[in-house]
Amino acid sequence: MAGKVRVAIAGVGNCASSLVQGIYYYQRRQDADFGGVMHDDIGGYKPWDLEIVAAWDIDARKVGRDVSEAIFAPPNCTAVFEPEVPELGVKVRMGKVLDGYAPHMKDYPEDRTFVLADEKEDELEDVVRVLKETQADVLINYVPVGSEQAARFYAQACLEAGVSFINAMPTFIVSDPEWAKKFEERGIPVVGDDIKSQVGATIVHRTLTQLFLDRGVKVDRTYQLNFGGNTDFLNMLARERLKTKKVSKTEAVTSLIPGGMSWENVHIGPSDWVPWLKDRKIAYIRLEGKLFGDVPMYVELKLDVEDSPNSAGSMMDAVRCAKLARDRGIAGPLYSISAYTMKHPPIQYPDWQAKKYVEEFIKGERER
């Protein structure tokens with residue numbers, strides 16, 4: 001028996017809800033054939049071996065409640081595919097707000113937006129203490145896009161507590177050489193940055209781009225327009241919070257193209273918030289290129305997914321790979337699983353290559 005993977009969460013939103021639901025969904029189905037996971041076994045760790053030991057949020061409807069209740073509290077709106085999540089005995093603590101709450105969020109109905117809790121915020125030393133007391137293996141950073149200070153706050157807590165940091169958000173930490181060096185020097189494996197869904201807009205766009213390149217088609221122009229109805233899209237209506245998000249999503253695609261693309265020929269990023277879509281995300285993707293004889297062609301595609309379960313499928317692998325690295329005494333960024341599950345990893349690999357490297361890592365044939 002490999003044992004449990006002890007997980008802390010910063011930000012108990014839709015993505016956290018899907019991940020926690022998934023633990024118990026697969027636990028109830030462990031004796032049957034089940035799908036939806038990329039790896040059912042990673043170093044002996046199964047999907048149901050994740051154990052939530054600590055959580056932070058800033059919303060009044062979540063702080064102080066058991067995680068099993070908080071994951072279903074407003075404004076969470078993702079699909080409920082496992083309603084029978086048992087009481088975990090883990091209360092959501094009041095996180096450090098910093099830049100985690102965009103001012104425009106107060107202008108929307110409470111059931112759609114964040115409601116700041118009037119509780120004493122945990123300071124850095126409080127988060128470090130809780131991580132140590134709960135013996136957490138990893139902390140998942142799920143704070144809102146644009147929360148640069150808050151993301152670094154939890155990263156610093158992980159550094160001081162000796163806990164692995166998995167950065168699901170587009171704040172460049174694991175892909176930042178200075179931060180990466182800090183984690184490596186302290187013997188802590190980390191995964192990031194910016195979670196890439198199982199079959200989301202980014203990986204579909206990357207796959208189409210790779211297809212063009214593999215078949216000798218020159219990519220002239222491309223766009224990816226995304227919209228949805230969850231708090232992630234509402235939060236991103238503040239365009240100033242999108243700087244790293246746009247860089248992350250754009251580089252995930254253009255990194256495949258030799259020489260890159262000029263800025264005016266590529267547009268990738270969130271476009272708008274449509275409340276009735278809730279956690280559904282719709283992406284329109286278009287690629288224009290030139291075939292044999294420079295004859296033009298284009299591909300247009302519409303993707304329609306439930307956003308957060310799509311993300312949780314990738315996170316389930318990232319968490320278990322981080323734990324496996326801890327077991328093996330590996331420190332610093334895990335290049336293979338980061339490239340496989342993140343949009344802005346320290347090293348970008350084509351997806352087929354990232355998958356191969358992850359398989360080698362799991363078998364112990366590749367260090368990172």
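The values are calculated or read from the model by the stated rules, or taken from the named source; none is laboratory data. All values derive from a computational prediction rather than experimental measurement. Cβ placement follows ideal geometry from the backbone for every residue including glycine, while neighbour counts extend to all protein chains displayed. Ligands, DNA and RNA are stripped out before the accessible areas are found, and what is left, the full protein with its side chains, is counted by its heavy atoms. Shrake-Rupley method; radii C 1.70, N 1.55, O 1.52, S 1.80 Å.
Residue check: is Ile285 hydrophobic (A, V, I, L, M, F, W, C) and in contact with a His (Cβ under 8 Å, 6 or more places away or on another chain)?
Yes; evaluated as a whole, the condition is true for this residue.
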Among the residues of the range 323-366, write down those that are within 14 Å of the chain's Cα centre (by Cα) and part of a helix (DSSP H, G or I). Ile337, Ser338, Ala339, Tyr340, Thr341
In the range 339-368, anything surrounded by 15 or more Cβ atoms within 10 Å (Cβ to Cβ) and either within 17 Å of Val163 (Cβ to Cβ) or of a type in the set (A, V, I, L, M, F, W, C) (or both) is listed as Ala339, Met342, Ala354, Val358, Phe361, Ile362
For the range 160-179 the number of residues that are more than 28 Å from Phe233 (Cβ to Cβ) and open to solvent by less than 10 Å² (accessible area, probe 1.4 Å) is 2
Scan the range 217-259 residue by residue and report those that are open to solvent by 30 Å² or more (accessible area, probe 1.4 Å), free of Cβ contacts under 8 Å to residues at least 60 places away in the same chain and under 23 Å from Leu291 (Cβ atoms). Pro258, Gly259
Using beta carbons and a limit of 8 Å, which pairs, at least six apart or on different chains, have the first residue in the range 313-325 and closer than 17 Å to Ala16 by Cα and of a type in the set (Ser, Thr, Tyr) and the second one open to solvent by 10 Å² or more (accessible area, probe 1.4 Å) and part of a helix (DSSP H, G or I)? Ser314/Tyr340
By residue number, the members of the range 81-135 that are open to solvent by 40 Å² or more (accessible area, probe 1.4 Å) and polar (S, T, N, Q) are Gln135
Only one of Ala136, Ala102, Ala117, Ala150 is at pLDDT below 95 and either of a type in the set (Ser, Thr, Tyr) or on the phi < 0 side of the Ramachandran plot (or both). Can you tell me which? Ala102
Checking Lys302 against (1) of a type outside the set (Val, Ile, Thr); (2) open to solvent by 10 Å² or more (accessible area, probe 1.4 Å); (3) within 22 Å of Thr231 (Cβ to Cβ); (4) in a strand (DSSP E or B), which test does it fail? (3)
When you look at Pro189, is it touching a residue at least 40 places away in the same chain (Cβ under 8 Å), in contact with a Phe, Trp or Tyr (Cβ under 9 Å, 6 or more places away or on another chain) and either surrounded by 17 or more Cβ atoms within 10 Å (Cβ to Cβ) or within 15 Å of Ile285 (Cα to Cα) (or both), yes or no? yes
Gly200: surrounded by 23 or more Cβ atoms within 10 Å (Cβ to Cβ) and under 20 Å from His267 (Cβ atoms), yes or no? no
